[in-house]
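Enquirer: Below you'll find the structure I mean.
The values are calculated or read from the model by the stated rules, or taken from the named source; none is laboratory data. Please read these numbers as outputs of a predicted model, since none were measured by experiment. Positions of Cβ are backbone-derived with ideal geometry, glycine not excepted, and every protein chain shown enters the neighbour counts.
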Amino acid sequence: MIPGYDEWKTTPPDDPDPVTYCNICGCPIYEGDALFTIDGGICEDCLNDYYKELA
Ligand SMILES: [Zn+2]
């Protein structure tokens, strides 16, 4: 017996619950994904779109 086995077994591995959502595009952000804590929390794509410029 593995403690907690039944708990994670019931959650499909390819459909994890998002930790939060990007405040700009609304895409789900999962555990381990980059989350940038500006504008209320945004994803890396939006960071690049809105905050990254080429010198
Ligand atoms: Zn985004």
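Enquirer: Could you list, ordered by first residue, the pairs with Cβ atoms under 9 Å in which the first is in segment 23-38 and in contact (Cβ under 8 Å) with a residue 24 or more places away in the chain and the second is outside any loop (DSSP other than H, G, I, E, B) and charged (D, E, K, R), at least 6 apart or interchain?
Expert: I24/D45; I24/D49
Enquirer: Checking E7 against (1) modelled with pLDDT under 90; (2) part of a loop (DSSP other than H, G, I, E, B), which test does it fail?
Expert: E7 satisfies every listed condition except (2).
Enquirer: If we keep just the residues of segment 25-46 that are exposed (fewer than 13 other Cβ atoms within 10 Å of the Cβ) and near the ligand (Cβ under 10 Å from one of its atoms), which is nearest to D15 (Cα to Cα)?
Expert: Looking at residues that are exposed (fewer than 13 other Cβ atoms within 10 Å of the Cβ) and near the ligand (Cβ under 10 Å from one of its atoms), I get G26.
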